[in-house]
Number of protein chains: 4
Amino acid sequence: MTDMAEMPPEPSGWLSDRELQHVRGELPILYVNAIPVRTDAAGEVTEVGLLLRADDDAISRALVAGRVLRHERIRDALIRNLEKDLGGVALPRIPSSPTPFAVAEYFPTEGFGAFHDSRQHAVALAFVVPVDGDCEPSQNALDIVWLSPEEAASEDVARDMTGGQHHLLRQALAHCGVLP
Amino acid sequence: MTDMAEMPPEPSGWLSDRELQHVRGELPILYVNAIPVRTDAAGEVTEVGLLLRADDDAISRALVAGRVLRHERIRDALIRNLEKDLGGVALPRIPSSPTPFAVAEYFPTEGFGAFHDSRQHAVALAFVVPVDGDCEPSQNALDIVWLSPEEAASEDVARDMTGGQHHLLRQALAHCGVLP
Amino acid sequence: MTDMAEMPPEPSGWLSDRELQHVRGELPILYVNAIPVRTDAAGEVTEVGLLLRADDDAISRALVAGRVLRHERIRDALIRNLEKDLGGVALPRIPSSPTPFAVAEYFPTEGFGAFHDSRQHAVALAFVVPVDGDCEPSQNALDIVWLSPEEAASEDVARDMTGGQHHLLRQALAHCGVLP
Amino acid sequence: MTDMAEMPPEPSGWLSDRELQHVRGELPILYVNAIPVRTDAAGEVTEVGLLLRADDDAISRALVAGRVLRHERIRDALIRNLEKDLGGVALPRIPSSPTPFAVAEYFPTEGFGAFHDSRQHAVALAFVVPVDGDCEPSQNALDIVWLSPEEAASEDVARDMTGGQHHLLRQALAHCGVLP
């Protein structure tokens, strides 16, 4: 209920749900996490985009996230998952360097590290992605909210995020030099 | 024959060989790659360590590499694989930041990207790791050779490496500011 | 009174105090900032070292900091300034990559950016530096205190730091994956 | 004749030429270096832009470069220098993170490190900057040429660059994962 696992179903690549269930017990699963941002003309982050989700009975805020499929480049996994969560006209600017600014290790055991995902051991390569176009929530999100860096780093927002993703959000703000 | 797949068998985690074979057809597999280096007192890289391997009928040079197991931290996967390839007294200094300096995407299709692994789609988080102690080749390597940055970046060495790993080696040298 | 300028006098290179005063009005001055850390065997940061200073009438906490001199490598400036602030047996492990994890821009105008130094426009290349040896405060510091990442990120510590250095400290914790 | 010093005169901030001459003998001078790139829709670098210059009697290729002025943010120094060298409609996308991918240390003593500038000790923060618009050479350059990553990394191009800038160019290609 409080992990990245709560993310909506997604194209499973060449895996049936049952197979995915099985390999999750065997191997770490590779993900991408993206933090969509608005920037000013000088490249400075002015706003951070968070997805608003209704899971079971609670509202939560989440980062863009999704699996990397077999034979898919990380760049293409980023594009596909940004499109899935922000729609087709968000115009994301995929970084020219494929190196993530951080790696988030989600463990199924709560308290083992900063990130938690009850379904699996997921390792997410995390990227800050400026988006220039219009973002519209997909069927999996109620809305996309844009927050200032100060709001995004607040305890209020941290409380609304699950699986430890507020840590990654703060890492992203620090990386961009806008952590309060 | 010329890919990271040539790496020796390793602890398979909770996977039998047959199971590993199976999931390799389904998902990208998470690896770590490590470039062991000697540094001087000012931290500058003076030598790079490469493994010497006898595969089938050819001698090749390779980076330290291995899978990340389920529920294993990247740090611990680094330690385990460095120990596997360099022995127990290499005294590696695992980086304080868990962010790789590069990500190598090995695809099973030759020519699709810079890295190739005929067995699987492997995504390797790559780290430069200073080692202070004695390194002794494990049963899987004939020897460990220490090269100057100039030698390591040479075409001769590139020819002896497989799966595109010479690209990653040069990325490491560039990252450390010692690419000729 | 509340800026990096409060740092003790240091070898002025080839500049008299009056000359330094003059060029500070003309050019950005290049600094290094270092965050000394203790790490465990897996490289994870367990403690962060802060200098305790008595400035005028207040006690403050500070990062290791100092100018880069003419014809001095950044690596050597790091070593010299770490020695100045932590003593000669701290055994710092200077990073193999000369790229800083962050750049702190200290402006003389308060409120113009996150960092402030009333004396000058200083641009500091920032590094996390594991230290293995004993640290003893130089004449310029009362003490060196070692804090857990949680303590280091606290509001209490932020209040004791000047010039915005608590931002850089939090960036360092985020970079190492230990920002609470 | 073969250093970054060959760069054309530029706005000297609050420094007369004579003053600049003077401080160059006293302090390291802070620069930015930029590598302009064209990227495809997935963010991958497809072309690298180099300035073509006629210095004295030789033609050379150069990166975008210029000083950081007093009280100028690095972001703004990047924009100003990109505009100076590529014109006003290049539409550079300044990175959201102010951390350089590399730092180039140009020393006045030839052979002391990889970078050389006979006029001064210059420390350049280096950034890869995707540009979407039209680039037109300023009065200081004969032309801007766009090369594939393979061409940019070639020995031919290295021979045409001065001050060791081909090292930085290759570091940039490595950082973007397109070093051959």
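The values are calculated or read from the model by the stated rules, or taken from the named source; none is laboratory data. Keep in mind the model is a prediction, meaning the values are calculated, not measured. Note that we place each Cβ from the backbone using ideal geometry, even for glycine, and neighbour counts take in every protein chain shown.
Yes or no, residue by residue, for (1) out of contact with any Gly (no Cβ under 8 Å at 6 or more places or on another chain); (2) without any contact (Cβ under 8 Å) to a residue 60 or more places away in the chain:
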{"residue": "D:Arg70", "(1), (2)": "no, yes"}
{"residue": "D:Arg75", "(1), (2)": "no, yes"}
{"residue": "D:Glu83", "(1), (2)": "yes, yes"}
{"residue": "D:Leu91", "(1), (2)": "no, yes"}
{"residue": "D:Ile94", "(1), (2)": "no, yes"}
{"residue": "D:Pro108", "(1), (2)": "yes, yes"}
{"residue": "D:Ala114", "(1), (2)": "no, yes"}
{"residue": "D:Arg119", "(1), (2)": "yes, no"}
{"residue": "D:Ala124", "(1), (2)": "yes, no"}
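Per-residue answers, yes or no, for (1) farther than 18 Å from B:Val103 by Cβ; (2) in contact with a strand residue (DSSP E or B) (Cβ under 6 Å, 6 or more places away or on another chain):
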{"position": "A:Arg93", "(1), (2)": "yes, yes"}
{"position": "A:Ala104", "(1), (2)": "no, yes"}
{"position": "A:Pro108", "(1), (2)": "yes, no"}
{"position": "A:Phe115", "(1), (2)": "yes, yes"}
{"position": "A:Pro130", "(1), (2)": "yes, yes"}
{"position": "A:Asp143", "(1), (2)": "yes, yes"}
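Restricting attention to segment D:89-114, the residues being under 22 Å from D:Ala54 (Cβ atoms) and crowded, with 23+ Cβ neighbours inside 10 Å number 1.
Can you tell me which residue is surrounded by the fewest Cβ atoms within 10 Å (Cβ to Cβ) among those in segment C:69-88 that are among the charged types (D, E, K, R) and more than 7 Å from chain B (Cβ to nearest Cβ)?
Residue satisfying both the conditions and the ranking: C:Glu83.
If you go through segment C:89-118 and keep only what is away from every other protein chain (no Cβ under 11 Å) and of a type in the set (A, V, I, L, M, F, W, C), you end up with C:Val89, C:Ala90.
Selection over segment B:33-48 of residues that are surrounded by fewer than 23 Cβ atoms within 10 Å (Cβ to Cβ) and in contact with a helix residue (DSSP H, G or I) (Cβ under 9 Å, 6 or more places away or on another chain) gives a count of 6.
Which number in (1) surrounded by fewer than 23 Cβ atoms within 10 Å (Cβ to Cβ); (2) in contact (Cβ under 8 Å) with a residue 40 or more places away in the chain marks the one condition that D:Arg159 misses? If we test D:Arg159 against (1) surrounded by fewer than 23 Cβ atoms within 10 Å (Cβ to Cβ); (2) in contact (Cβ under 8 Å) with a residue 40 or more places away in the chain, just (2) comes out false.
Within segment A:111-139, if we keep just the residues that are of a type in the set (D, E, K, R) and more than 24 Å from B:Leu125 (Cβ to Cβ), the residue that is modelled with the lowest pLDDT turns out to be A:Glu136. Among the residues of segment A:22-57, the ones that are under 28 Å from B:Arg70 (Cα atoms), modelled with pLDDT of 95 or more and assigned to a loop (DSSP other than H, G, I, E, B) come to 1 in all. Considering every residue within segment C:128-144, establish whether at least one is of a type in the set (A, V, I, L, M, F, W, C), without any contact (Cβ under 8 Å) to a residue 40 or more places away in the chain and more than 25 Å from A:Pro180 (Cβ to Cβ). No, there is no match, as no residue in segment C:128-144 is of a type in the set (A, V, I, L, M, F, W, C), without any contact (Cβ under 8 Å) to a residue 40 or more places away in the chain and more than 25 Å from A:Pro180 (Cβ to Cβ). Would you be able to say whether some residue in segment C:152-169 is assigned to a loop (DSSP other than H, G, I, E, B) and over 26 Å from A:His167 (Cα atoms)? No: segment C:152-169 contains no residue that is assigned to a loop (DSSP other than H, G, I, E, B) and over 26 Å from A:His167 (Cα atoms). Looking at this structure, is B:Leu173 over 30 Å from B:Arg18 (Cα atoms) and either more than 10 Å from every other protein chain (Cβ to nearest Cβ) or under 16 Å from the mean Cα position of the chain (by Cα) (or both)? It is true that B:Leu173 is over 30 Å from B:Arg18 (Cα atoms) and either more than 10 Å from every other protein chain (Cβ to nearest Cβ) or under 16 Å from the mean Cα position of the chain (by Cα) (or both).
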